[in-house]
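Everything on this sheet refers to the single structure shown next.
The values are calculated or read from the model by the stated rules, or taken from the named source; none is laboratory data. As the structure is a computational prediction, the values presented were derived from the model and not from experiment. All Cβ positions, glycine included, derive from the backbone under ideal geometry; neighbour counts span all protein chains shown.
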Amino acid sequence: MRSILFASFGIALWACHGGGAGDDNNDSIDASGSGTVDAGPPLEGTPYTISWGSVSVASGDESTQCVVVQLPNTTAIQVHQIHTTTSTATHHVILYRDNDPAAVVQSTPAPCQPFTGALNPSGMIGPVMITQKQDDQLTLPDGVAYQFAANQFIRIEMHYINTTDLPLTATETTTFYAADPATITDQADLLFIGSPDINIPAGQSFTLHQFFKPGATETFLGAKIFAITGHEHKLGTGVVVKTGTSASDPAMTTVYDPMPFQWSEPATTNHNPTFGIPAGGGFDFTCTYDNTMGASAVKFGESATDEMCFFWAYYYPANGSHVCVHTNQVGNLNVCCPAAAGDQTATLVCNMISQGN
């Protein structure tokens with residue numbers, strides 16, 4: 001069980017390439033009718049720009065590396081929009097607020113453990129955006145923002161890979177746009193949900209269909225979700241997410257089903273009005289694959305040659321960032337990290353993972 005759950009949480013993003021929440025070059029309607037895909041209004045507000053790299057990436061190299069930078073804001077700010085640009089060598093970037101009192105500037109990219117910020121039980125480090133596009137934008141709903149402390153520390157985590165025959169340069173730039181604080185009434189956070197139960201036979205198609213039900217003590221049960229993005233690797237052909245009162249609910253609501261689905265740049269579906277988790281219910285999610293990689297089966301893993309089935313959702317009012325997994329490999333198990341108060345199983349698992357065991 002330990003190895004399965006560690007894989008489920010500890011390497012949840014590490015070979016990705018696709019979308020965050022919003023792209024101002026696309027304002028289309030999701031063919032499923034479940035929301036607006038990649039809509040982004042003009043960027044406004046006071047800008048604060050930071051960067052990762054550059055780093056030369058040799059042919060065949062793959063790594064996850066982090067920097068920690070400090071914004072020059074002398075007072076607290078309300079970040080309502082985020083704009084990122086990345087290089088072709090970049091597979092994904094995660095942006096974290098780092099509120100650890102011991103945080104220090106680390107401007108040179110260095111190897112780091114992926115996604116440990118979201119597993120931190122103290123909540124000192126939490127993701128504010130996951131992006132996989134070369135040009136991406138996150139715009140929060142009216143009145144919603146991320147609050148940044150004065151001289152906020154930001155951790156930038158990048159996973160890069162070079163599959164070409166020539167060296168590439170990995171770079172990333174982020175600009176945070178601070179809104180008038182008088183216009184902000186709510187704070188945002190992020191959910192990351194999926195399953196490691198992937199085993200795609202050689203030369204065949206495969207469908208993973210599961211239902212994640214949060215526990216009664218989970219702190220995000222009242223979430224108002226305003227954007228959602230699906231995630232697979234290069235064998236992925238589709239991600240569909242629905243909400244329902246149970247796994248057998250005959251009247252589920254589709255909240256994510258972009259057509260066509262592009263694994264390398266998966267669309268983000270924005271919801272206005274927002275949606276939530278039905279009382280006592282959860283998320284029904286389906287990932288489909290086509291194994292064209294030859295004679296080998298493909299399973300869950302961190303490499304670009306492995307596969308994943310996840311989605312992330314931006315929500316408010318803020319009640320912490322959470323990484324959640326459903327797996328049938330060790331029973332019908334639903335676990336979220338950081339663990340909810342009183343959930344002994346989740347506490348054990350989350351502590352084990354955050355310690356790298």
Expected output for segment 144-171 (first residue closer than 16 Å to GLN65 by Cβ and touching a residue at least 12 places away in the same chain (Cβ under 8 Å), partner buried (at least 22 other Cβ atoms within 10 Å of the Cβ) and of a type in the set (Gly, Ala, Ser), Cβ below 6 Å, 6+ apart or cross-chain) is TYR160/ALA89; TYR160/ALA170; ASN162/ALA89; LEU168/ALA89; ALA170/GLY53; ALA170/ALA89; THR171/GLY53
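Among the residues of segment 113-135, is any closer than 26 Å to GLY40 by Cβ, in contact with an Asp or Glu (Cβ under 6 Å, 6 or more places away or on another chain) and buried (at least 19 other Cβ atoms within 10 Å of the Cβ)?
Restricting attention to segment 113-135, the residues satisfying the condition of being closer than 26 Å to GLY40 by Cβ are 115, 117-118, 126-135.
Of the ones still in play, those that are also in contact with an Asp or Glu (Cβ under 6 Å, 6 or more places away or on another chain) are 133.
Narrowing the set further to residues that are buried (at least 19 other Cβ atoms within 10 Å of the Cβ) leaves 133.
For segment 113-135, residues closer than 26 Å to GLY40 by Cβ, in contact with an Asp or Glu (Cβ under 6 Å, 6 or more places away or on another chain) and buried (at least 19 other Cβ atoms within 10 Å of the Cβ): present.
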Within segment 58-81, identify whether any single residue is among the hydrophobic types (A, V, I, L, M, F, W, C) and at pLDDT below 50, and answer yes or no. no
The residue from GLU307, GLU302 that alone is modelled with pLDDT under 80, within 26 Å of GLN262 (Cα to Cα) and touching a Phe, Trp or Tyr at 6+ places or on another chain (Cβ under 7 Å) is GLU302
- request: Take ALA182 and decide whether it is more than 19 Å from the chain's Cα centre (by Cα), within 15 Å of THR84 (Cα to Cα) and of a type in the set (Gly, Ala, Ser).
  value: no
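Here's a check for you: in segment 325-357, which residue that is of a type in the set (S, T, N, Q) and touching a His at 6+ places or on another chain (Cβ under 9 Å) is modelled with the lowest pLDDT?
Taking segment 325-357 as the starting set, the residues that turn out to be of a type in the set (S, T, N, Q) are 327-329, 332, 334, 344-345, 347, 351, 354-355, 357.
Checking the rest, the ones that are also touching a His at 6+ places or on another chain (Cβ under 9 Å) come to 332, 334.
Details: ASN332: 86, ASN334: 91.
Here the answer is ASN332.
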Per the filter on segment 214-237, residues over 16 Å from PHE300 (Cβ atoms), buried (at least 20 other Cβ atoms within 10 Å of the Cβ) and out of contact with any Leu (no Cβ under 8 Å at 6 or more places or on another chain) are GLU218, ILE228, THR229
Of those in segment 263-289 that are at pLDDT below 95 and under 16 Å from the mean Cα position of the chain (by Cα), the residue farthest from ILE198 (Cα to Cα) is ASN270
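Within the bounds of segment 302-325, is there any residue that is within 22 Å of CYS350 (Cβ to Cβ), touching a helix residue (DSSP H, G or I) at 6+ places or on another chain (Cβ under 6 Å) and not in a loop (DSSP other than H, G, I, E, B)? I'd like the intermediate steps shown before the answer.
Just the residues of segment 302-325 that are within 22 Å of CYS350 (Cβ to Cβ), to begin with: 302, 308-315, 318-325.
Applying the additional criterion that residues be touching a helix residue (DSSP H, G or I) at 6+ places or on another chain (Cβ under 6 Å) yields 321, 323, 325.
Remaining after also requiring not in a loop (DSSP other than H, G, I, E, B): 323, 325.
Yes, segment 302-325 contains at least one residue that is within 22 Å of CYS350 (Cβ to Cβ), touching a helix residue (DSSP H, G or I) at 6+ places or on another chain (Cβ under 6 Å) and not in a loop (DSSP other than H, G, I, E, B).
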Turns out the strands (runs of 3 or more DSSP E) fully within segment 140-225 with at least 2 residues that are aromatic (Phe, Trp, Tyr) and not assigned by TED's automatic domain parsing to the domain that holds GLN113 are 205-212
